[in-house]
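As structure tokens, the structure follows; a few thoughts come after it.
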Amino acid sequence: MRTFGKWLGRILLMLVLAAAVVGFLKRDELTRLLAVNSLFSEEKIVQNFSNMNAAFLWREVPRGDAPVINLPKGPPAALPSGVAQYVKDRSVTSMLVLKDGGIVHEAYYKDTTDTDLRISWSVAKSYLSALMGVVLADGDIDSIDDPVTKYVPALTGTAYDGASIKNVLQMSSGVTFDEDYLDSNSDINRMGRVLALGGTMDGFTAALSDTFAAPGDEMKYVSIDTHVLGMVIRGATGRDVASLLSEKIISKLGYEAAPYYLTDGESVAFVLGGLNVTTRDYARFGQMILQDGQFNGQQIVPADWLAASTIPSAKTKTGELNYGYQWWMPKDPREGEFYGHGIYGQYLYVNRPKGVLIVVTSADRQFKEGDVKGDSIALFRQISEELD
């Protein structure tokens, strides 16, 4: 009996030691998984959104060697009275308003500062759309009517087989993907766990097999479409998105700080929502977009690409918001008015006719209550009108 007890004790000791070794080797993955589980908690969300690289794998998007291009100061604007309540209700962390290229309002809230690199969430999609336009103009992609499998053969036989680049740009791939952030078992949250555990986003995408409609028949917002655009860009150019975005766009905008992307375990950029940028640097990109792709005397993104990207073209249902190539337009679209939008209240609002650009970062945990997006655009329109 005593011999059996010694034997059992040794086995238990070995199991404890093995568990300790596995825990040590996997500590980073476990830390990231715990970070995902508390990422949006009320007491941590603001700090998390300014420090995403503390919990996830990441890589820098070099700003280049060019000097910082200053955004000039315009006359301070008296914003509508509703702005103060909006800031409170929507847990805004920063708001920056440019009129005719000059800063007329800049404010930071909840202990954030102008040096914080704030997570873009889906505003990153609009950055990738701009990069797609440059890659197309460079001739690396023949046509957006090409099937995605032409540049990403690994998607042959998957849910994306038969979808064109244009279908994916318009969120009209027809691929089944559950985007419910509040459901822990949704596809978007399963994808988040892949990212946190250092898995492969390409592998996750290639495993999708179900569709709900033929490509191009119906617009349905599925973020994984944007990852496919990143796969297309990488396949067409042989380059990673971070360095390509740096060379073609970021290095020409005179950013104050180098942005960074969250990445998967293969150092592939999380292009659908993992870009982190300061508020003023978001504004530099937005002002370039407002100016038809021109900034600091350079044509950075082709004007014709932006013209096509920022008008309603996707087959949305009646009464829904309009969509172009990774850019949103209101339900009642107006010429030259469009915006990038990220979950939890990130906005890059462009109003070309009024010469107004509005950047908003937030930590809005109530983003699903009411028509938050519609109310936000109504306020941005009011600001634009009163600045005119």
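The values are calculated or read from the model by the stated rules, or taken from the named source; none is laboratory data. The structure displayed is predicted, hence computed values, not measured ones. Counting neighbours? That spans all protein chains shown, and the Cβs are built from the backbone with ideal geometry, glycine included. Accessible surface is based on the protein model in full, side chains and every heavy atom, while ligands, DNA and RNA are left aside. Shrake-Rupley method; radii C 1.70, N 1.55, O 1.52, S 1.80 Å.
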Exercise. Where in segment 225-247 is the amide nitrogen less than 18 Å from a point lying 7 Å along the Cα-to-Cβ axis of N53?
Worked result: 241-247
Seminar exercise, completed: Karplus-derived 3J(HN,Hα) from phi for segment 125-131 (6.51 cos²θ - 1.76 cosθ + 1.60, θ = phi - 60°), whole Hz, x at Gly and Pro, runs 4, 5, 4, 5, 4, 4, 5
Problem set entry | Net dipole in debye of segment 177-274 [+1 Lys, Arg Cβ; -1 Asp, Glu Cβ; about Cα centre; nearest 20] | 460
Exercise. Shape call for segment 319-361 from the C-alpha gyration tensor, a ≥ b ≥ c root eigenvalues: rounded (a/c under 1.5), prolate (a/b greater than b/c) or oblate?
Worked result: oblate
Seminar exercise, completed: Computed on Cα atoms, the radius of gyration and Dmax of segment 274-343 in angstrom are 13.1, 41
Exercise. Can you give the relative contact order of segment 51-136 as a percent, counting alpha carbon pairs under 8 Å and 6+ residues apart?
Worked result: 25
Exercise. Taking the alpha-carbon centroid of each part, what is the distance from segment 196-213 to segment 306-354 in angstrom?
Worked result: 27
Seminar exercise, completed: Residues of segment 305-322 with backbone N under 18 Å of the label point set 7 Å from the Cα of D145 along Cα→Cβ are 305, 308-309, 313-315
Seminar exercise, completed: In terms of the alpha carbon gyration tensor, root eigenvalues a ≥ b ≥ c, rounded if a/c is under 1.5 and otherwise prolate when a/b exceeds b/c or oblate, segment 131-256 is oblate
Problem set entry | Estimated vicinal HN-Hα couplings, Hz - segment 217-232 in sequence order (Karplus 6.51, -1.76, 1.60; Gly, Pro = x) | 6, 8, 7, 9, 5, 9, 4, 5, 4, 5, 4, 5, 4, x, 5, 5
For this session: Please give the length that would be gained between D161 and S38 if that part of the chain were fully extended, namely 0.36 nm times their separation in residues minus their C-alpha to C-alpha distance (nm, one decimal).
Result: 40.7 nm
Exercise. Quick one: if you stick a label point 7 Å off each Cα along the C-beta vector at E218 and D183, how many nm between them?
Worked result: 1.5
Problem set entry | Computed accessible area, I69, all protein chains, 1.4 angstrom probe, square angstrom | 40
Exercise. Which percent of the accessible heavy-atom area of the chain goes to carbon and sulfur, probe 1.4 angstrom?
Worked result: 53
Problem set entry | Charged-residue dipole, Cβ positions (Lys, Arg, Asp, Glu), the chain about Cα centre, Debye nearest 20 | 1220
For this session: Counting only heavy atoms of the protein chains, get the accessible area per residue of segment 35-176 (1.4 Å probe) and round it to a whole Å² value.
Result: 43
Exercise. With each run of n ≥ 4 DSSP H residues scored as -39500 (n - 2.57), what mean residue ellipticity at 222 nm is computed for the chain after dividing by its residue count and rounding to the nearest 500 deg cm²/dmol?
Worked result: -11000 deg cm²/dmol
Problem set entry | Inter-label distance, nm, simple model (7 Å from Cα along the C-beta direction), D138/K317 | 3.9
